[in-house]
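Below is one structure, written out as structure tokens; comments come after it.
The values are calculated or read from the model by the stated rules, or taken from the named source; none is laboratory data. Just so it is clear, the structure is predicted and the values come from calculations on it, not from any experiment. Counting neighbours? That spans all protein chains shown, and the Cβs are built from the backbone with ideal geometry, glycine included.
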Amino acid sequence: MAKKSKPRPQPESLRLPLVGIDTHAHLDLEHFKEDQLDEVFAAARRAGVSRIGNVFLGPQAYDLNRERFTGRPEVFFLMAVHPNDTAAFSPTDIELMRERFQADDRLKAIGETGLDYYWKRVPEAVQKAAFRAHLDLARELKLPVVIHSRDADEDTMTLLVEEGFKDRPVLWHCFGGSPEMAAAVLNNGWHISIPGPVTYAANEALRRAIPLIPLNRLVIETDSPYLTPEPWRGKQNHPALVAFTAAKIAEVKAMEPAELWRATARTAREFFRLD
């Protein structure tokens, strides 16, 4: 007789208060069908998630998909052209983003923008030019910046400092680095967002970085539909599952999960200037 698999726990089993914030999700991607979104939001609420940051990968994605979130005041928006999509980047993209940010107060930050040397889809010089253009817009509009950096941390950090973003509101999205990298980010006055892979057994270096990150610089994210935390690894990620990420971080910091949950929510509200 085949052995029955153990049921995976539901995020609401953690009994977290309805204050949590998933700072980074892609609910407008095709992975999430429109008729599934009601349950996605209901599951998030049951898990204690009160706000979700949806990241539009450029102004075209924003124009196509913004209406998905009509009547969903719990969702706030981020927007930028992803570094892997910058091959055809032009000043028109910046102008379109400027117009959208000025017209929509749900748009709270420019991101995710930065450098990605892992996929090698776009020449480094092209990525850097687009990144600088995004930073110029953030400076002009006085907006926070959310960073994507993959296999490019040194160049990403150098460019941010060169552009005068030391001690400005910068959030290092999907942080997966070492204690040394965390210290470098924090020494520049920036924030760090921790995703689901903090729960993976192999990510010991990331867990060693966690104690270095003060609560007023720490937020959490899913990066839905990617990077699903344990115990749901292997399934599509969604905002409710950020509860398991919070629980692991709380364990590492020797805190109660609800305390960590509330603290990261406070930090996210301050960083994104949420109501």
(message) Can you pull out every residue in region 228-255 that is in a loop (DSSP other than H, G, I, E, B) and touching a strand residue (DSSP E or B) at 6+ places or on another chain (Cβ under 7 Å)?
(response) N237, H238
(message) Given the criteria among the hydrophobic types (A, V, I, L, M, F, W, C), under 30 Å from P231 (Cβ atoms) and touching a residue at least 24 places away in the same chain (Cβ under 8 Å), does W172 qualify?
(response) yes
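Pick out the one residue from A109, A42, A61, A87 that is closer than 22 Å to R266 by Cβ and among the hydrophobic types (A, V, I, L, M, F, W, C). Show your work before the answer.
On the way: A42 fails: closer than 22 Å to R266 by Cβ; A61 fails: closer than 22 Å to R266 by Cβ; A87 fails: closer than 22 Å to R266 by Cβ.
Selected residue: A109, the only one of A109, A42, A61, A87 that is closer than 22 Å to R266 by Cβ and among the hydrophobic types (A, V, I, L, M, F, W, C).
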(message) So V55 passes all but one of these: (1) assigned to a helix (DSSP H, G or I); (2) more than 19 Å from D136 (Cα to Cα). Which condition number does it fail?
(response) (1)
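Can you tell me which residue within region 188-208, out of those that are outside any loop (DSSP other than H, G, I, E, B) and more than 21 Å from G111 (Cβ to Cβ), is nearest to the chain's Cα centre (by Cα)?
Looking only at region 188-208, we keep the residues that are outside any loop (DSSP other than H, G, I, E, B), and these are 191-194, 196-199, 204-208.
Then drop every residue that is not more than 21 Å from G111 (Cβ to Cβ), which leaves 199, 204-205, 207-208.
Values: T199: 16, E204: 21, A205: 20, R207: 18, R208: 20 Å.
Among residues in region 188-208 that are outside any loop (DSSP other than H, G, I, E, B) and more than 21 Å from G111 (Cβ to Cβ), the one nearest to the chain's Cα centre (by Cα) is T199.
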(request) Just give me the residues in region 97-130 being of a type in the set (S, T, Y) and touching a helix residue (DSSP H, G or I) at 6+ places or on another chain (Cβ under 8 Å), in sequence order. (result) T113, Y117
(request) Spot the failing condition for E140; the list is (1) more than 20 Å from E270 (Cβ to Cβ); (2) touching an Asp or Glu at 6+ places or on another chain (Cβ under 9 Å); (3) not β-branched (V, I, T), and only one is missed. (result) (2)
(request) Only one of these is closer than 21 Å to R8 by Cβ and not polar (S, T, N, Q): P225, P169. Name it. (result) P225
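Quick one: which of D223, D275 is closer than 22 Å to V170 by Cα and either in contact with a helix residue (DSSP H, G or I) (Cβ under 8 Å, 6 or more places away or on another chain) or at pLDDT 95 or above (or both)? Let's see the steps before the verdict.
Working: D275 fails: either in contact with a helix residue (DSSP H, G or I) (Cβ under 8 Å, 6 or more places away or on another chain) or at pLDDT 95 or above (or both).
It is D223.
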(message) For region 42-61, check the following and say yes or no: at least one residue is in contact with a Lys or Arg (Cβ under 7 Å, 6 or more places away or on another chain), over 27 Å from A130 (Cα atoms) and without any contact (Cβ under 8 Å) to a residue 60 or more places away in the chain.
(response) no
(message) Step by step: first the residues of region 142-170, then only those that are surrounded by fewer than 16 Cβ atoms within 10 Å (Cβ to Cβ) and of a type outside the set (G, A, S), then the one that is nearest to R273 (Cα to Cα). Which residue is that?
(response) K142
(message) If A258 meets every condition in (1) in a helix (DSSP H, G or I); (2) crowded, with 20+ Cβ neighbours inside 10 Å; (3) not acidic (D, E) apart from one, which number is that one?
(response) (2)
(request) Would you mind finding the one in E67, E30 that is free of Cβ contacts under 8 Å to residues at least 24 places away in the same chain, assigned to a helix (DSSP H, G or I) and either within 20 Å of the chain's Cα centre (by Cα) or surrounded by fewer than 14 Cβ atoms within 10 Å (Cβ to Cβ) (or both)? (result) E67
(message) over 19 Å from L171 (Cβ atoms), in a helix (DSSP H, G or I), without any contact (Cβ under 8 Å) to a residue 12 or more places away in the chain and out of contact with any helix residue (DSSP H, G or I) (no Cβ under 7 Å at 6 or more places or on another chain): is that true of D85 in this structure?
(response) no
(request) Restricting attention to region 209-227, report how many residues are part of a loop (DSSP other than H, G, I, E, B) and buried (at least 24 other Cβ atoms within 10 Å of the Cβ). (result) 2
